Amino acid sequence: MADVALRKVVKRYDDVEAVRGIDLDIADHEFIVLVGPSGCGKSTTLRMIAGLEDITDGDIMIGGDVVNDVPPKDRDIAMVFQNYALYPHMTVAENMSFGLRLKHYPKAEIKARVTEAARLLDITDLIDRKPKQLSGGQRQRVAMGRAIVRNPKVFLFDEPLSNLDAKLRVQMRIEIKKVHQKVRTTTVYVTHDQVEAMTLADRVVVMNKGRIEQIGTPNELYHKPATRFVAGFIGSPAMNFIPCRLEDNGGKLNIRITDRISFALPPSRAARYNTLPRTDKLLLGIRPEHISESHAHLEPGVETFDTVLDVTEPMGMETLVYFGLEGAPVCGRVNPNAGAQDGAPMRLAMDLNNMHLLNEATGIVL
Amino acid sequence: MLTLPLIILIALLVLYPAVYSIHLATLNKSMQKFVGFGNFTFLFKRDTFWMVVKQSCIFAVTAVFFKALIGFIVAHFVHNIPGKKQRKWRGMLLVPWVIPPAMSTLAWLWLFDPSYSAFNYTLSFFGIGPVNWLGDTAWARFSVILVNVWYGAPFFLIMYLAALKSVPEQLYEAAAIDGANWWQRIWYVTLPMMRNIIAITTLFSLIVTFANFDIVRILTSGGPLDRTHIFATWAFKVGIEGSDIPLGASVSLFMVPILAIAAIFILRDVNKRGNEA
Amino acid sequence: MSTLAIDKSGPTRKVKLGSMSRDRTWALRWSYFFLVLFAIFFLTPPLYMLITSLKSSAEISAATNPWWVFHPTLSNYVELLTSNQFLRFFWNSSMVAIMVVIVTMLISVPAAFALARMKFWGSATLATGVFLTYLIPDSLLFIPLFKMLATVQEWTGITLLNRWYVLLFIYPTLTVPFCTWIMIGYFASIPKELDEAALIDGASWLQTLTRIFIPVALPGLIAATIFAFTVSWAQFLYPLVFTTSVDQLVLPVGIITSLIKGDVFNWGQIMTGALLGAAPPLIIYAFLMDYYIAGLTAGATKG
């Protein structure tokens, strides 16, 4: 068990910078998820921690020691790969014990560790099977078992669930979380799936174009995104961005979206945004869950407006409604009984207590 | 480092002899004097040489054509029959390719025997023959090509069968729905899908057939009157049996241009396959 | 490997009613009809070998029906299998083939591993070069090789010509390029993550090769071994050129030069010898057909 630290880590392939100087401190026992779109440098970062890629510049530390030039086998890490990378000619037990056997551990200890890991992952019955005879989820467990028996300082997961179907993915997600709660090993987990990131992580690292956009707990990222990228990446359906500007309205601060639609900001928000220049091009960031059907007893800060729906998507427990505001496509989530219909006018309510205001040019959340 | 033995082997026993044979080809018979292109100009003036060139080309092209044709036809028949039996038939039909050619050619030699030919025995019932299989120029040429086709066709069969299996069944179903008859299906679906394999196999077989030695050597030794000699057997006769190593080297060097052209095309196709995959 | 998987299942054709199924029945009948014709063409020589090998010289020279054995006898087999000379040929052939297989594997497996995984300067060129070498036929090289061996023999005093072991150096030129080429294909098809997993598990490159790559690519290794063995066993031109003494000959050359005595062709024995000479490859083929065919098609399909 150990902490991991990255200091100004850079990875350059020929003339392409895949990772552009990232700093990251991972505490002991922490479960960190690196998330971002493909090509954002998250996998490269993980592979640099593993030692599978050389680092061009900067330092990587595991347990306080700089490991830049330490080969993977001496870093005391274990890795779970996207395609599991199980040795096809070995049984489950042999797969899990391969690393220990190479290090000439005593037979009894190997057996004990394999048995324990198999019990933890509920694969005791499969121990003598070959990977070919296993289902995707079972292979995934074996791959994790192989990591666990090594009892390493750090677990590295490289998109381990992306080859599983949706149902199994949810199940394995819970499994991984349970295992981490038991073994408490420091974990770095890479995924492109923001739901996985949110559900698994102690802290999420959102990466984009080789840089870290934001580090924070799932709740922080959801409620206080730092940039337009994070705001748009976290949450599904994604946050709406509606062009707008600020407007003084007799001592009160208004936000104007169209000629017809403008809202008075709730006092807390008004105070925060009061110093901003009124001429700036801004974006109103609002999540679909904060746009719903209008009803009689609206709380303060919730403002109504009329629109014509383009498309509706009944999801069962809710209905997603799509419409346009100032050319921006907007999505809202309404009660399935609210009578939303394709092409029909509807009065909707926007909860401005949960709004964000972004600078359109810089993408920074204000 | 790991490739060192490979590099040494290729350099010492393939590349060096290849270059060395060019050097050899410029020496006189006792290998003491440099004669430049003397051996080549000597060859150009000999009728036998031009005959060997012609015979090699006819031999290779005809044999490869029939190997490819028979291979293609038989592959279709094998592909037509159901799975389990298919294995059995395929196993049986590949036997000629498995037997060392020197051994099987002996059987052909015996089948063609001037006095005891089993073929002539059979043909006599139809009032034909006796055919002088290896003694008559035309029949001897026919015989060496026949044996070569017999030996090489199974290779084409296997390659085509593998290629046929890689054509998705849906394509044929789609073609059938579009109203294609069996001939159109072969022409518009099978052949285009197999084009690459056909090209590689044909070119590869062209090289092997062109450089063939065993079959002609055992069957006719180039006779009658050098009428079945091809490059390899003639080079052997001149270079080893006739102890004129430089001249033998010159003869075999004439294979290079044709081999090189085939090799370039193969390489292009193999690389193309690699890129597609 | 793909061939293996596909062949076992074969195409599954459902029997449908109507004209479609009648068409197929007829197609099937015609297929069988022509397959029988082709099978006769393909199998006549080996069967004729067998028929003749069971005949006595007297029966052969009596010129009775050549396609039938009236007085089957094993005397040809007995005579050959008790002949020291023939056993010597067999022994020489076996030694050469087995040792060439070992040499070939020792050279081509590490080379293929390096070429498939380690990207070093010139590795792509070398891989292409290996493939090109495979296309250079024996009939192009036998004359310069003959002269080279003679020269080396002159300089060093080591007898190389007319010794069976010289074939151990020469045959790998035929086997190594192809074996390396197909092993590159098999190794390259192993996912990169597998060696990374081994690397993290603490395996050195040698352990990765012996404990991961070789076991995983075992079908390829078997195919390559079969190829090397059959090529060595069947090779005719090189031993014909490089060896002459009766005790140094390998089987194909031995049968042709020693059993054919002048104009007296003892066909019963020649056919027996040829059949015995064809037996090892045929037996290997019978038992390992899938690997044999995989190796055969690998050259073109593992681009």
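The values are calculated or read from the model by the stated rules, or taken from the named source; none is laboratory data. Quantities reported herein were computed from a predicted structural model and do not represent experimental measurements. Cβ sites come from the backbone with ideal geometry, for glycine too, and all protein chains shown count toward neighbours.
What pairs can you find where one residue is in segment C:138-153 and farther than 12 Å from B:ALA249 by Cβ, the other is not hydrophobic (A, V, I, L, M, F, W, C), and their Cβ atoms are less than 7 Å apart, with a gap of 6+ or different chains?
Partner pairs satisfying both residue conditions: C:ASP138/C:TYR238; C:GLN153/C:THR159.
Are there any helices (runs of 4 or more DSSP H) wholly within segment B:2-74 with 3 or more residues that are without any contact (Cβ under 8 Å) to a residue 24 or more places away in the chain and closer than 20 Å to C:ILE136 by Cβ, and if so which?
By residue number, B:4-10, B:16-24.
Could you please give the count of residues in segment B:110-141 that are in a helix (DSSP H, G or I), more than 8 Å from chain C (Cβ to nearest Cβ) and either within 21 Å of B:TRP97 (Cβ to Cβ) or of a type in the set (A, V, I, L, M) (or both)? Steps first, answer last, please.
Going through segment B:110-141, the residues in a helix (DSSP H, G or I) turn out to be B:110-111, B:118-124, B:137-141.
Filter again for more than 8 Å from chain C (Cβ to nearest Cβ), leaving B:119-120, B:123-124, B:137-141.
From the residues that got through so far, the ones that are either within 21 Å of B:TRP97 (Cβ to Cβ) or of a type in the set (A, V, I, L, M) (or both) too are B:123, B:138, B:140.
Qualifying residue count, segment B:110-141: 3.
Of the residues that make up segment A:84-92, is at least one more than 21 Å from A:PRO160 (Cβ to Cβ) and in contact (Cβ under 8 Å) with a residue 40 or more places away in the chain?
yes
Residues of segment A:320-334 being part of a loop (DSSP other than H, G, I, E, B) and either modelled with pLDDT of 90 or more or in contact with a Pro (Cβ under 7 Å, 6 or more places away or on another chain) (or both), which ones?
Selection gives A:GLU326 alone.
Can you name the residue in segment C:2-37 that is at the interface with another protein chain (Cβ under 7 Å from one of its Cβ atoms) and within 24 Å of C:GLY295 (Cα to Cα) and, of all such residues, is modelled with the highest pLDDT?
C:PRO11
In segment A:97-106, is there at least one residue being under 25 Å from A:LEU52 (Cβ atoms), of a type in the set (D, E, K, R), surrounded by fewer than 22 Cβ atoms within 10 Å (Cβ to Cβ) and in contact (Cβ under 8 Å) with a residue 60 or more places away in the chain? It would help to see each step written out before you state the result.
Applying the first criterion (under 25 Å from A:LEU52 (Cβ atoms)) to segment A:97-106 yields A:97-105.
Subset that is of a type in the set (D, E, K, R): A:101, A:103.
Now drop any that are not surrounded by fewer than 22 Cβ atoms within 10 Å (Cβ to Cβ), which leaves A:101, A:103.
With in contact (Cβ under 8 Å) with a residue 60 or more places away in the chain added as a condition, the list becomes none.
No.
Can you name every residue in segment C:108-136 that is among the aliphatic types (A, V, I, L, M), farther than 19 Å from B:ALA249 by Cα and outside any helix (DSSP H, G or I)?
Of everything in segment C:108-136, just one residue is among the aliphatic types (A, V, I, L, M), farther than 19 Å from B:ALA249 by Cα and outside any helix (DSSP H, G or I), namely C:MET118.
Which one of these is within 11 Å of chain C (Cβ to nearest Cβ), among the polar types (S, T, N, Q) and out of contact with any strand residue (DSSP E or B) (no Cβ under 8 Å at 6 or more places or on another chain): B:THR220, B:THR190, B:THR201?
Numbers: B:THR220 fails: within 11 Å of chain C (Cβ to nearest Cβ); B:THR190 fails: within 11 Å of chain C (Cβ to nearest Cβ).
Only one candidate qualifies: B:THR201.
Farther than 30 Å from A:GLU53 by Cα and touching an Asp or Glu at 6+ places or on another chain (Cβ under 6 Å): which single residue out of C:LEU249, C:LEU259, C:LEU275, C:LEU237 fits that description?
On the way: C:LEU249 fails: touching an Asp or Glu at 6+ places or on another chain (Cβ under 6 Å); C:LEU259 fails: touching an Asp or Glu at 6+ places or on another chain (Cβ under 6 Å); C:LEU275 fails: touching an Asp or Glu at 6+ places or on another chain (Cβ under 6 Å).
Every option except C:LEU237 fails the conditions.
Identify the residue in segment A:202-226 that is more than 12 Å from the chain's Cα centre (by Cα) and among the aliphatic types (A, V, I, L, M) and, among all such residues, is farthest from A:ILE32 (Cα to Cα).
Out of the qualifying residues, it is A:ALA226.
Determine if segment C:65-82 includes at least one residue that is within 11 Å of another protein chain (Cβ to nearest Cβ) and of a type in the set (Gly, Ala, Ser).
Within segment C:65-82, not a single residue is within 11 Å of another protein chain (Cβ to nearest Cβ) and of a type in the set (Gly, Ala, Ser).
What about C:SER139, is it facing chain B (nearest Cβ under 7 Å) and assigned to a helix (DSSP H, G or I)? Walk me through it before giving the result.
Numbers: facing chain B (nearest Cβ under 7 Å): yes; assigned to a helix (DSSP H, G or I): yes.
Yes; evaluated as a whole, the condition is true for this residue.
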